[in-house]
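The values are calculated or read from the model by the stated rules, or taken from the named source; none is laboratory data. The model shown is predicted, which means the values in this text are computed figures rather than measured ones. Ideal geometry is used to build each Cβ from the backbone, glycine not excepted, and the neighbour counts take in all protein chains shown. Areas reflect the complete protein model, heavy atoms only, side chains present, ligands, DNA and RNA absent. Shrake-Rupley method; radii C 1.70, N 1.55, O 1.52, S 1.80 Å.
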Amino acid sequence: MPKLSGKILNILLLLGVLLGGYLALGVKVEENAMDLLPGEALRGDLELLQQLGVVNQVYLSLECDQALGGGPTAPPELLRSAGAVGAALAESPLFCEVFYRLPEGYEFGLATTLRRYLPVLLDPYDLKEIEGRLAPAALDQRMRQAFLTLNNPTGLLMARLVQNDPLDLTGLMLGKLASLRGRLRLTVQDGYFVSEDGRHCLVWAESVTPLIASAPATAVKAELDRVLAKSLEKGVRARLIGPLPHTLSNSETIKRDLARLLPFDVVVLLLVLFLALRTWQSLVVVLIPFLAAPPALALLSLFYPRISAMSLGFGIVLLGSGADYAIHLYLGARMENGRAVVPGGLRRSLLVASLTTFAVFIALLFSHVPSHRQMATLAIFGMAFSILLAVRLVPPLGAYQKSEPAALAAVRRLLVVPGRGWGGLLLAGWLLLLIGGVVGWSRLHYNGDLKSMDTPTAEVVADEREFLATWAKGGEQAFVVAAGATPETALDLNDRVYARLTEAGKLTGVQSLAPVLPGPTRQARNGAAWQSFWTAQLPTLQPALERAATAQGFAPGAFAPFLAGVTQPAPPLSVTVLTDGPLHPFLAALFRQVPAVAGGSERHYLATTLVPDGPETASVLDALGREIPGVRVLSNTRWRQQVDVLMRSDILTIIAGAGLVVLLICFLAFRNARDLLATLAPVLSAQAAMAVFAWLTGGELNMMHLLMGILVIGMSVDYGIFIVTACREGLSAQTFLAISLCALSTLSGFGVLAFAVHPALRALGLTVLIGIGAAWPTALWISPVLAGVKKVKPC
């Protein structure tokens, strides 16, 4: 009956593997930058950038060959290409906004609109400028200029405008429109956005979905390729700028690394185990992690509908380390009375090692980084299935082996150093490594910049360099976002932001809505000041203007419409008046309506000011977030600092928690200070070696170094557990072989990632390669010395 129930359990396990494999086929793999961010606040910052449309934007810089021309006027081929590209993108369902050309006749329409709202738009500083224009000499100059304007070929078109605004008060507002450009260098030709050299034309669009996830980014890139292939004329090419090329570059690099390294990992693992054991039964040991991976992925998909390729890359690790327990069971199982039996010492070692491994992975579940939690969940499921399959399938195969493993004799001759009196020398070398580790750790610094995980292609880097040289005037910019439940509330807050920035001194490169579209509070103040100003000036202005006008040849009363209308109050200027007009391409990024989310936030409005992000603005940016409620500052400089602080806190907390749990488990298992030190020796060596290596190669750590540093604790302590348990019962060469094969399988799983192109996968592989590379010999040669072993049993 027990034998029958055992068979049923094995059948159920295999059915679970098959079902897991089927479900794993439907797992969605996708990269998303949100998964790499620690803390809700930082992810909230990225969500705010999504609401602003920043991570949805695509910039196309169209460039023509020199043979087509350039200079002051852009060649027609370039303008036609921009028009065709813009029109095609505007018809695509993948884009919600496309900007490529201002509407025909936008200049007159814009001037007419602004003139109507001058009383609420012009502020006291502008009134001082107007006062200077009312001086007799200034009036004579204005009238002379107005007369010349009307007596040229376009004069008839300008007659009504000059009659209603002889002092060119509208020009004061038109001058403020430069604040909408910020650091962008462009001219407008026939409505198109053209570079100063006349050889580039700018088209920009906003996708419906964020472009920091690989799936929508791939769809958008395919659509752009289709449009460009159809729309660009001969001699015109396009450069793609924005988050899209970075998302695709990272995703494709990871996928190429996995496709290249996974088969290599499998081959290396097969060769290592088969050459060492040379029996067909040993192939089952290799199959254990492969059998465990599909159901682990299927279970993971229940908790995470979308699995990152980075976490899938972590699955390669399971292919190596998942075989560890199977190796110990294969070599340690014995046949007694016709039944496969696992010795009591080995069972205890497996239990303690499993507990420490799961403790580390469980500690990682408390990380603030979603991708870390996803990796930990996959590891827990994968290791659980590996252990379960190994316990059920491997012992009978190991117990029935008829001959000694081929590598055992060589191991017996090679790995008996502790019994030859070398203990003092080995301990001295080990202590030097630990001292080097302490020195190395003190000289390391953490790089929290996610750009260190970025892998842009040479083409992407060249395109961005050319874009900045053509269109941009400076470096990074900070976003100062004023949020309100109504447009009026958001604009009032935005005015406070702009006022605070102007108080800080003359700041160049500020891109703000405030000079062009003040909030209702400031509009009311401007309107009151306008009425007071003209009430005081009108008695003297009327005769002075009449004199200056008639002196230049104008008919008497020519400017009566201006004098009659200057004291008329203007209605408040609403947001839609400007956002629905020709300024929409420049205003769309500065004022947004965020729709309500079911079960989440209510509809609200965002007014954004862009400020140069550098040392000269650091203090005022810090003050804005503190002093004005409802205002958030998104600064790359401050953001990197926050990531650094949160990641340090996160990793140190997890390391401390995992370390304490591992220490407690080991203490309860051995209850002896000497055995405890021997058990932890591989852990200490691994951490010291990783610190020395990082110090010698630049002294910089990223999140993957620290993540794998945590996981190396769980793997390396297993070596110490198996060695110390064997020491208690009489150390044998078979234990050496088992640990060596475990280390080699882990190194084959992790180590191949050291050859990855993507920096995150490469850091993961190098960290384990160095850590396990140091923990392995420590377990073989240092732990037995610390445990007081005099010689190795022949087995």
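Numbers for the structure displayed
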quantity: Computed FRET value (nearest 0.05) for Glu503 with Asp190, which takes r as the C-beta separation and R₀ as 56 Å; calculated: 0.90
quantity: Rounded to 10°, Cα long-axis angle of helix 487-503 versus longest principal axis of the chain; calculated: 90
quantity: Förster radius 22 Å - calculated FRET efficiency between Thr697 and Phe755, Cβ distance, rounded to 0.05; calculated: 0.90
quantity: Largest-first ordering by accessible area, 1.4 Å probe, given options His445, His372, His604; calculated: His445, His604, His372
quantity: Theoretical ellipticity at 222 nm over the chain - DSSP helices of four or more residues, -39500 (n - 2.57) apiece, nearest 500; calculated: -21000 deg cm²/dmol
quantity: About the Cα centre, charge dipole magnitude for the chain (Lys/Arg +1, Asp/Glu -1 at Cβ), debye; calculated: 3220
quantity: Heavy-atom accessible area ranking, 1.4 Å probe, most first, across Cys742, Cys727; calculated: Cys727, Cys742
quantity: Positive-end residue, the chain charge dipole about Cα centroid, Cβ charges, pick of Val360, Tyr330, Asn164; calculated: Tyr330
quantity: Per-residue HN-Hα couplings for region 293-298 [Karplus 6.51, -1.76, 1.60; θ = phi - 60°; Hz; x = Gly/Pro]; calculated: 5, x, x, 5, 5, 4
quantity: Assigned charges on the beta-carbon of Lys, Arg, Asp, Glu; region 203-307 dipole about Cα centre (debye); calculated: 240
quantity: Accessible area (Å², 1.4 Å probe, nearest 10) - Trp639; calculated: 50
quantity: For peptides 717-725, 139-147, sequence by mean Cβ density within 10 Å, most packed first; calculated: 717-725, 139-147
quantity: C-alpha long axis of helix 243-277 to longest principal axis of the chain, angle in °; calculated: 10
quantity: Solvent-accessible area of Glu107 with every protein chain in place, 1.4 Å probe, in Å² to the nearest 10; calculated: 100
quantity: DSSP-assigned coil residues among trypsin sites (Lys or Arg not before Pro) in region 589-677, each with at most 11 further Cβ atoms within 10 Å; calculated: Arg603, Arg671
quantity: Alpha carbon centroid spacing (whole Å) that separates region 318-397 from region 603-682; calculated: 32
quantity: 5 angstrom amide H check on Ala472, placed H, neighbours 5+ away; calculated: Arg185
quantity: Rounded percent of accessible protein surface that carbon and sulfur make up, region 598-681, 1.4 Å probe; calculated: 60
quantity: Selected from Trp280, Ala213, Ile241, residue furthest toward positive end of dipole (region 204-293; charges at beta carbon); calculated: Ile241
quantity: Positive-pole candidate from Phe147, Gln189, Gly105, dipole of region 96-242, charges at beta carbon; calculated: Gln189
quantity: Within region 561-639: Cβ-based charge dipole about Cα centre, in debye rounded to nearest 20 (Lys, Arg +1; Asp, Glu -1); calculated: 160
quantity: Residues with amide H under 5 Å from that of Val594, placed H, sequence gap 5 or more; calculated: His604, Tyr605, Leu606
quantity: Distant-in-sequence amide H partners of Gly509 (H built 1.01 Å from N, under 5 Å); calculated: none
quantity: Heavy atoms of Tyr100 accessible to a 1.4 Å probe, total area in Å² rounded to 10; calculated: 60
quantity: Candidate aspartates and glutamates - alpha carbon under 15 Å from Lys128, same-chain residues fewer than 8 apart omitted; calculated: Asp168
quantity: Residues Arg133 and Asn636, FRET efficiency given R0 of 45 Å [Cβ-Cβ distance, rounded to 0.05]; calculated: 0.60
quantity: Rounded tilt (10° steps) of 136-150 against the dominant C-alpha axis of the chain; calculated: 80
